[in-house]
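First the structure, in the form of structure tokens, and then the observations on it.
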Amino acid sequence: MENLGVLLTTPMNAYLEEQLNQRCKLFRLWDAPEEDQTGFLTAHADSIGAVVGDTKIGADAKIIALLPKLEIVSSFSVGLDKIDLQVCREKGISVTNTPDVLTDDVADLTIGLVLTTMRQICVSNRFVRSGAWKNNDSLRLTTRFSGKRVGILGLGRIGMAIAKRSKAFGCSIYYHSRSEKPETGYTYYSNLLDMATNSDVLIVACPLTEETHHIINRQVINALGSKGVLINIGRGPLVDEPELVAALLDGRLGGAGLDVFENEPEAPKELFGLDNVVLLPHIGSSTWETCKVMADLVLKNLEAHALGKPLLTPVSLPCK
Amino acid sequence: MVDSSSIDVLQPVLILLPMHDFIEIPLVKKFKFLKAFEAEEGRDQFLEKHAEIIKVILCTGFTPVNAETISKLPRLECVIAVSTGVNLIDLDACRERSVRVTNAGTAYSEDTADYGVGLLMDVCRRISAADSFVRQGLWSANRDCPYFGSSLGGKRVGMIGLGNIGASIAKKVASFGCEMSYTTRSQKETVPYKYYPTVLELASNNDVLVVCCALTKETTHIVNRDVMLALGKEGVVINIGRGPLIDEKELVKCLLNGEIKGAGMDVFENEPEVPKEFYGMDNVVLSPHSAPLTPESLENVVELSIANLNNVFAKRPLLSVVV
């Protein structure tokens, strides 16, 4: 695939960048001054046949319009919310993502977020490092996780992996999704509000679409309540963030563990001083092991495309 | 107004050091607390004054109960610890005098195990480090988070000690796709995990060590320099047991030299002192001995303590007996 021109949208992974540089014609979008990315893309439009994007910058309608030779978007992510799938379908551009490979990492981090939020482990770490332990009573009660009621919004691959782990903690597993999945044996709620009312921990693990935008609104947050904990490892806009911030500041919500935010890389500053939240910079799949596997999958998809072979992990594009 | 005659009816219980309100408040209504640490005449005088009526000591895990104290209490029948660890109680002296010792049994197991898993996850996935990166406003400034974690799946996790807490941790960590193994004094027939007869063999064959055995003379510094070197550069140590189970000075050196990768600790050798070298390391997670502290755990232990105190006075068999 040495003739394939590849646009890399961000410095997402050093290994992937190095491989692309060796094996393709690589164009780095961040090489262009921010105000003149259009000029950069126009200048290289004839050479760029592929876009490799991630959760920050993908291939939106504007980028696609500037690249008439674009044949494939191979995303270094599971989520497709930064790719205009409709335009890709219209123009016959193939799209691939990296499903499955990060399922376990994201599910693991979810449990890590639950435990560090409920048991306030990051708070403890800050407390000891501040030197305050010597002078202070360290006994602070935190919230038990084992045996609690866990409501999962979205029971896809990641939701299922979270359910399996929560089960090992003796939790009751509830879920809300578009359709019931009786084979799982978990308790289905057709109504998200009802599930939130009956859950101690609500985990947001569904894809971001027009329908799921702000699916966690004021009502859902209030239903979860002052002892409830919200965990978001899906996408920031699934949660109405100003409402979440207000609920945490008012004490209407017990706590929150967030790996994703509405305006990344910004996280609400009002939360920085709170002990009942854990704020992570979208690291659900940020492990050395998984990023290597994801990078290899991106490379194999591009290679298959260049050789005219079937793609490894194609995304089925929406019909109009 | 408190009716003083009704207090006299309450059975006396010796308290050597302050207990936390979470435990004291529900118990003090049912028993008469004799607080040696508040005595104006001094502790020795206080013990002498009440020696004939003291049948039971109630203590936390931070309260030494030594041979000298025991020798001053001729009527002592039982020491009731509200902690899991009884390493500060002179068990030999208790045995000699036929004084029974009870601990918290399984009251804290679930929460301590959860906390151990949380520490393990925090160290491997850099949660605390990444959280402070965001809180310091560095994410919006730098965009890319420098804290890259390591996948739990496929990791080999070795348990030092497989009692209630260890077994619970093992079950939970196994759900992340980790390969579990353990070392204990004797192999457990019913356990599905691989057994190693020595800590050194366990360390050589694992990526993570979780320390959750009881602290005794034999287990002091069970994780020494050799064990850490056997664990190796990519290795992580989690301590949810007691501080002296790890040679802390050597742990500091190994971390500073990159001879192991990270550590998560809820306990330390000289609490509440923590080696200052740890403060500057972002690959360690530090916690002030708070693993078991949830309302549920404390309710369990209060219930158990009340039951055991009543058992002592009613001469019924005790629960959760250590000695």
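Data for the structure
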quantity	calculated
Matching option when the condition is charged (D, E, K, R), surrounded by fewer than 16 Cβ atoms within 10 Å (Cβ to Cβ) and either at negative phi or in contact with a strand residue (DSSP E or B) (Cβ under 8 Å, 6 or more places away or on another chain) (or both), among B:D266, B:D282	B:D282
Number of positions in the range A:87-97 that are open to solvent by 40 Å² or more (accessible area, probe 1.4 Å) and out of contact with any helix residue (DSSP H, G or I) (no Cβ under 8 Å at 6 or more places or on another chain)	3
Any hit, the range B:135-149, residues being within 7 Å of chain A (Cβ to nearest Cβ), under 22 Å from A:V114 (Cα atoms) and basic (K, R)	yes
Residue match in the range A:26-34 (condition: open to solvent by less than 10 Å² (accessible area, probe 1.4 Å), within 14 Å of chain B (Cβ to nearest Cβ) and over 30 Å from B:V173 (Cβ atoms))	yes
Members of the range B:70-94 found to be outside any loop (DSSP other than H, G, I, E, B), open to solvent by 10 Å² or more (accessible area, probe 1.4 Å) and more than 18 Å from B:L215 (Cα to Cα), listed by number	B:S71
Verdict on A:C88 being away from chain B (no Cβ under 11 Å) and in a helix (DSSP H, G or I)	yes
Residue within the range B:103-114 that is at the interface with chain A (Cβ under 9 Å from one of its Cβ atoms), free of Cβ contacts under 8 Å to residues at least 12 places away in the same chain and open to solvent by less than 10 Å² (accessible area, probe 1.4 Å) present	no
Residue among A:D108, A:D84, A:D100 that is surrounded by fewer than 19 Cβ atoms within 10 Å (Cβ to Cβ) and among the acidic types (D, E)	A:D100
Top-ranked residue in the range A:134-148 [being facing chain B (nearest Cβ under 7 Å) and at pLDDT 95 or above; ranked as surrounded by the most Cβ atoms within 10 Å (Cβ to Cβ)]	A:F145
Failed criterion for B:D114 (all others in (1) assigned by TED's automatic domain parsing to the domain that holds B:K35; (2) modelled with pLDDT of 95 or more; (3) not β-branched (V, I, T) hold)	(1)
Tally of residues being closer than 13 Å to A:C122 by Cβ and of a type in the set (S, T, Y) across the range B:116-146	2
Within the range B:218-245, tally of residues that are basic (K, R) and under 16 Å from the mean Cα position of the chain (by Cα)	1
Of the criteria (1) open to solvent by 10 Å² or more (accessible area, probe 1.4 Å); (2) at pLDDT 95 or above, which one A:G131 fails	(2)
Strands (runs of 3 or more DSSP E) contained entirely in the range A:217-320, each with at least 1 residues that are buried (at least 17 other Cβ atoms within 10 Å of the Cβ) and more than 14 Å from chain B (Cβ to nearest Cβ)	A:229-232
Pair list, Cβ < 7 Å and 6+ apart or interchain, from the range A:13-24 residues that are at pLDDT 95 or above to residues that are in a loop (DSSP other than H, G, I, E, B) and among the acidic types (D, E)	A:R23/A:E2; A:C24/A:E2
Residue in the range B:3-25 that is in contact (Cβ under 8 Å) with a residue 12 or more places away in the chain, in contact with a strand residue (DSSP E or B) (Cβ under 7 Å, 6 or more places away or on another chain), of a type in the set (F, W, Y) and open to solvent by 10 Å² or more (accessible area, probe 1.4 Å) present	no
Total residues in the range B:251-290, condition away from every other protein chain (no Cβ under 11 Å) and small (G, A, S)	3
Residue match in the range B:57-67 (condition: outside the structural domain of B:L209 (by TED's automatic domain parsing) and open to solvent by 70 Å² or more (accessible area, probe 1.4 Å))	yes
Test result for B:L138, in the same structural domain as B:K233 (by TED's automatic domain parsing), among the hydrophobic types (A, V, I, L, M, F, W, C) and open to solvent by 50 Å² or more (accessible area, probe 1.4 Å)	yes
2 or more residues within 21 Å of B:R143 (Cβ to Cβ) and more than 22 Å from the chain's Cα centre (by Cα): qualifying strands (runs of 3 or more DSSP E) within the range A:21-81	A:25-28
Some residue of the range B:197-207 being outside the structural domain of B:F62 (by TED's automatic domain parsing), touching a residue at least 40 places away in the same chain (Cβ under 8 Å), out of contact with any strand residue (DSSP E or B) (no Cβ under 8 Å at 6 or more places or on another chain) and buried (at least 17 other Cβ atoms within 10 Å of the Cβ)	no
Within the range B:141-169, considering residues that are open to solvent by 50 Å² or more (accessible area, probe 1.4 Å) and among the basic types (K, R), the one modelled with the highest pLDDT	B:R156
Residues of the range B:158-175 classified as part of a loop (DSSP other than H, G, I, E, B) and out of contact with any strand residue (DSSP E or B) (no Cβ under 9 Å at 6 or more places or on another chain), total	2
Test: residue in the range B:42-58 that is of a type in the set (A, V, I, L, M, F, W, C), over 26 Å from the mean Cα position of the chain (by Cα) and in a helix (DSSP H, G or I)	yes
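Residue-wise test of (1) in contact (Cβ under 8 Å) with a residue 12 or more places away in the chain; (2) within 14 Å of chain B (Cβ to nearest Cβ); (3) open to solvent by 70 Å² or more (accessible area, probe 1.4 Å).
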| position | (1), (2), (3) |
| --- | --- |
| A:V150 | yes, yes, no |
| A:I158 | yes, yes, no |
| A:S166 | yes, yes, no |
| A:S179 | no, no, no |
| A:G185 | no, no, no |
| A:S199 | yes, no, no |
| A:L202 | yes, no, no |
| A:C206 | yes, no, no |
| A:E211 | no, no, yes |
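The values are calculated or read from the model by the stated rules, or taken from the named source; none is laboratory data. Since we're looking at a predicted model, the values are computed, not measured. Neighbour counts are summed over all protein chains in view; Cβ atoms, including those assigned to glycine, are modelled from backbone coordinates with ideal geometry. These area figures cover heavy atoms from the full protein model, side chains too; ligands, DNA and RNA do not enter into them. Shrake-Rupley method; radii C 1.70, N 1.55, O 1.52, S 1.80 Å.
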